[in-house]
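Down below is the structure, laid out as structure tokens.
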Amino acid sequence: MNKKLGLAVAGAVLALSSAAQAGITIPAGDWTIDINGNVNAYYMNTRASGETRTITGGLASARDSRNDRVANGINTGLLPSWLGVSGKTRQNDLDVGFTISFQPNVSDNSGAGDEATPLNRQAYLTFGDKSWGEIKMGKDLGIFAGQAILNDMTLLGVGAGSARSGAATTLGGIGTGYIYAAWKGQITYTTPNWNGFQATVGLTNPNQGFDSGINQDRLGVEGQLMYSWTGDVSGKAWASFASNDVTTAATGSVTGANNQSYTINAYDIGANVNAGNIGVTAYYYRGSGLGTTIFGANGVSSNGKKRDSNGGYIQATYVIPTGTKIGAAYGVSKLDDNVGDSASLVEENRRWTIGAYHPLTKSLNLVAEYNDVRTEAQGSTYDAAKSKNISLGAILFF
């Protein structure tokens, strides 16, 4: 993947700051408007095997109601198709900016094919100055585990996920190496860059991903410390954390516990290093009550006792003389059980990925991936569920 396309991934697609890399730039008086995004689509073929019973929290694609183990579809990959608008200006000695984006679907299973609801992942404002930092207010990618997904090579492709059509996105490495950072209402502060060091801390919406209609006495807290460097060997290293107080409702929740209050604590550490045509990424996370795949999912037993979980991934890529980036990755997410938990509860989801990403033009990438996902349950009477996914497609950035 060439440098410009790499910047487009981090800038135009995820727009993590109002000063993101430019897509289509339009001067508008005192403002500079940037229109950016991507369109992607993939043919996917998934073949399932092994356990036919449901494994709670499992990600390997189960067979359908007719026990069919083969699925085909045309969908977006880990990234949805994306249209973002950002603006920036300088007013009263402040850098002021905004970002708004929405994400239409490629696949729709309705009869007319036009009923799927678009995603709306970003709506935030920023203000600050390079001398003291930046404040962001609104909806954007979460801090904890954010770098895990940004450095995942399947961001340009598919990763884990079924080929059945109708889904907005696939999973990439979510749930097989890291927890989904999610898109959260937040107020965050990021420091200036001090010779490569930069810190971010933020307050997030409480109980996000749990039950609706709950009043919570504490906001979520997330933070990150990162160090970046350049040179013949360039890269970055980071560590982040998250803490949420959770109160579940009386009528079920993704945690599996009812009428419970507890605190989720989680941390991670990772690094991405590049030397010439070689890139390596390593990442690890651990949490209590964190659960697996989605923040807090299956994080506690029905009696309110928290489950421990951990995981991570290792990834290596190499750019061959044609400009094609080839890569291999292995990721795993593990969940500990408590006394009395069901045998059907997931113990681990793990994934192997082999991918090739070829820049046909400076904006267009052709992608081919093979993903092998395996889910194991806590109970010894359960066989492993397995799914093998082949995907071919393209992603275009602008």
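The values are calculated or read from the model by the stated rules, or taken from the named source; none is laboratory data. Note that this is a predicted model, so its numbers are computed, not measured. Backbone-built Cβ (ideal geometry, glycine too); neighbour counts: all protein chains shown.
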### Query
Which residues, taken from the range 209-259, are modelled with pLDDT under 55 and of a type in the set (S, T, N, Q)?
Ser212, Asn215, Thr251, Ser253, Thr255
### Message
Quick check on the range 356-372. Is at least one of its residues among the acidic types (Asp, Glu), under 23 Å from the mean Cα position of the chain (by Cα) and closer than 24 Å to Asn72 by Cα?
### Response
yes
## Note on the structure
Restricted to the range 280-322 and to residues being in contact with a helix residue (DSSP H, G or I) (Cβ under 9 Å, 6 or more places away or on another chain) and of a type in the set (Ser, Thr, Tyr), the residue surrounded by the fewest Cβ atoms within 10 Å (Cβ to Cβ) is Thr317
### Task
Report, by residue number, each residue of the range 130-170 that is at pLDDT 95 or above, part of a loop (DSSP other than H, G, I, E, B) and among the aliphatic types (A, V, I, L, M).
Ile143, Ala145, Val158
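If you take the residues of the range 87-108 that are of a type in the set (A, V, I, L, M) and at pLDDT 95 or above, which of them is nearest to Gly166 (Cα to Cα)?
So the residue we want is Ile100.
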### Task
Would you check if Ala329 is in contact with a helix residue (DSSP H, G or I) (Cβ under 8 Å, 6 or more places away or on another chain) and among the aliphatic types (A, V, I, L, M)?
yes
### Query
Of the residues Ala271, Ala181, which single one is modelled with pLDDT of 95 or more, within 30 Å of Asp129 (Cα to Cα) and assigned to a loop (DSSP other than H, G, I, E, B)?
Ala181
### Task
Give the residues of the range 105-134 that are under 30 Å from Arg90 (Cα atoms), free of Cβ contacts under 8 Å to residues at least 60 places away in the same chain and touching a Pro at 6+ places or on another chain (Cβ under 7 Å), sorted by residue number.
Gly133
### Query
Which of the residues that make up the range 75-93 are over 24 Å from Glu134 (Cβ atoms) and of a type in the set (S, T, N, Q)?
Asn75, Thr76, Ser81
### Query
Which of the residues spanning the range 365-382 are part of a loop (DSSP other than H, G, I, E, B) and of a type in the set (Phe, Trp, Tyr)?
Tyr382
### Task
Kindly indicate the residue of the range 344-370 that is touching a helix residue (DSSP H, G or I) at 6+ places or on another chain (Cβ under 8 Å) and surrounded by 15 or more Cβ atoms within 10 Å (Cβ to Cβ) and also nearest to Tyr42 (Cα to Cα) among those meeting that condition.
Val367
### Task
Could you tell me whether the range 150-163 includes any residue that is touching a Gly at 6+ places or on another chain (Cβ under 7 Å), closer than 24 Å to Ala239 by Cβ, buried (at least 24 other Cβ atoms within 10 Å of the Cβ) and among the polar types (S, T, N, Q)?
yes
### Query
Out of all the residues in the range 98-113, is one or more within 30 Å of Trp238 (Cα to Cα) and over 21 Å from the mean Cα position of the chain (by Cα)?
yes
